[in-house]
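First the structure, in the form of structure tokens, and then the observations on it.
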Amino acid sequence: MEKKYLDLRGLSCPQPVLETKNAIDDRSFDSFEILIDTRTSLENIQRLLSTRGDLKYTVDEGEDFKVNISRI
Amino acid sequence: MNLFRKHWKIISCGVFIGILATLFQKFGNPANMGICVACFERDIAGALGFHRIPIVQYLRPEIPAFVLGSFFASLVFKEFKPRGGSLPLVRFFLGFFAMLGALVFLGCPWRAFLRLAGGDGNAIAAIVGLIVGVYIGVKFLKSGYTLGRNYSAYKFTGFLMPLMMLGIFLLLIVKPAIPNGAPFFSLKGPGSQHAPIILSFVGAFIIGIFAQRTRFCTMGAIRDIILLKDFHLASGVIGLLIFAFLSNLLLGQFNPGFAGQPVAHTNQLWNFLGMVLSGLAYALAGGCPGRQLFLSGEGDIDAGVFVIGMITGAGFAHNFAIAASPAGIARFSALAVIIGLLFCIATGFSMRKRLA
């Protein structure tokens, strides 16, 4: 299955979490790499993912944040 | 209990704001206006001479303290990040019209909840209006509305809003004697009522720190429920409402009713529609007036443009018979709200892009 890449840097609230939600609801992908640039967006996405038992994720912190999500 | 553990930080922030706002009233701020971002920016606009209504002119230290508190917290926690360039002119007008709507109702969302907590029933129409406005904004967001990305900016740009706010605070402290009388300070009316400067500044500075850390946002609270069924931010607003209410009861500041409420009017249609306009503008701009201040403190210069749009809107609203008063709405309140709604709807429909 394909991986979906999303660059959501620089977008106002709530677009990063909204786009992430739309992506993970799309069954044609089973892994995702989300690029964001504020901790606020990261917290919002983590809060969304905490409600989803069917997904696991890791976060790479650097200049930006990279969230790698995959279906379990 | 589990819910509380998960959300205790944002709840504490709301509780702190609620209690502090009622204490500010006790110590001198206008009744049911312990903290109001819209009203206080309007008072600042008046003190600077952008409007000449003699009863609403004061350099409210709470506004600079919010920005500086957030600035401080973002530096300490390494979240200070100068950024901008996401359609600033559109954000200016969103701020401008948000303020017109706020001054037709007479309050920002914070004050709407504080008014309700003080027993002012007129706030109900406004809160319903806020929910409707945010709901329309969510519809736009779902259909792809976006003002596009911001980009990293030169470090110095992130200092501009904190420096401007420091300047406003220094004007209050120094009170320079300018021949034409500026800065202007009300001798009577709400503008003359204020808590001691040190209390207002220190209290609001701590709110700025809390709010930067927790991302407290009244618009986001409603938006996240509608959009994501996420009650995180809402738990903070509920904390504010409940504890402001309890604190008002203890301080003898709870006076239920509709008529004769402080700095309020009873025209429910325009309490409602004014806040529909504001709520929609906040949703399209991504934050309530308080949140825009905190964002501007952590380097979001687009949020700074929104704030300056609000201050400009305040001057305009009072100069052009748009701002309401306890006597009711003004001659052009309705027209201004309609134009503002048209602007927001045009913005929502015309600015869409597939991002991913």
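The values are calculated or read from the model by the stated rules, or taken from the named source; none is laboratory data. In this text the structure is predicted, and so the values were computed from the model without any measurement. Because the Cβ atoms are built from the backbone with ideal geometry, glycine has one as well, and the counts that use them run over all protein chains shown. Quick note on the areas: whole protein, heavy atoms, side chains included, nothing else; ligands and nucleic acids left out. Shrake-Rupley method; radii C 1.70, N 1.55, O 1.52, S 1.80 Å.
Just a few scattered comments:
- Computed from label points 7 Å out along Cα-Cβ, the spacing between B:ILE124 and B:MET351 is 3.5 nm.
- Accessible area buried by the pairing of B and A, both sides summed with a 1.4 Å probe, works out to roughly 1900 Å².
- Förster-model FRET efficiency, 56 Å R0, A:TYR5 and B:THR266, C-beta, rounded to 0.05: 0.55
- Inter-label distance, A:GLU63 to B:ASN255: 5.8 nm, where each label sits 7 Å from its Cα along the C-beta direction.
- FRET efficiency estimate (nearest 0.05) - Cβ-Cβ, B:ARG5 to B:THR157, R0 56 angstrom: 0.90
- Portion, in percent, of the accessible area of chain A that falls on carbon or sulfur, probe 1.4 Å: 45
- Solvent exposure of the protein assembly as shown, expressed per residue, is 40 Å² of accessible area, with all protein chains present and a 1.4 angstrom probe.
- Extension gain for A:ASP26-A:GLU43 works out to 4.0 nm (0.36 nm per residue, less the C-alpha to C-alpha distance).
- Rounded if a/c under 1.5, otherwise prolate or oblate - segment B:2-350, Cα gyration tensor axes: rounded
- Measuring between their Cα centroids, segment B:95-127 and segment A:1-65 lie 34 Å from each other.
- Couplings for segment B:317-323, taken from phi via the Karplus curve 6.51 cos²θ - 1.76 cosθ + 1.60 with θ = phi - 60°, read 4, 7, 6, 10, 6, 10, 5 Hz in order; Gly and Pro are left as x.
- In this calculation the C-beta distance from B:LYS188 to A:ARG52 is compared with R0 = 60 Å, giving a FRET efficiency of 0.60.
- Share of pairwise Cα-Cα distances greater than 13 Å in segment B:180-225 is 72 percent (whole percent).
- Checking Cβ-Cβ separations below 4.7 Å across chain B identifies B:CYS13, B:CYS108, B:CYS217, B:CYS288, B:CYS344 as cysteines lacking any candidate disulfide partner.
- log10 of Debye I(q)/I(0), alpha-carbon scatterers only, for the protein assembly as shown at 0.06, 0.08 Å⁻¹: -0.23, -0.41
- Heavy-atom surface analysis with a 1.4 Å probe gives chain B a carbon and sulfur content of 73 percent of its accessible area.
- In segment A:11-28, burial by the other protein chains removes 10 Å² or more of accessible area from A:LEU11, A:SER12, A:CYS13, A:PRO14, A:GLN15, A:VAL17, A:LEU18, A:GLU19, A:LYS21, compared with the chain on its own (1.4 Å probe, ligands and nucleic acids ignored).
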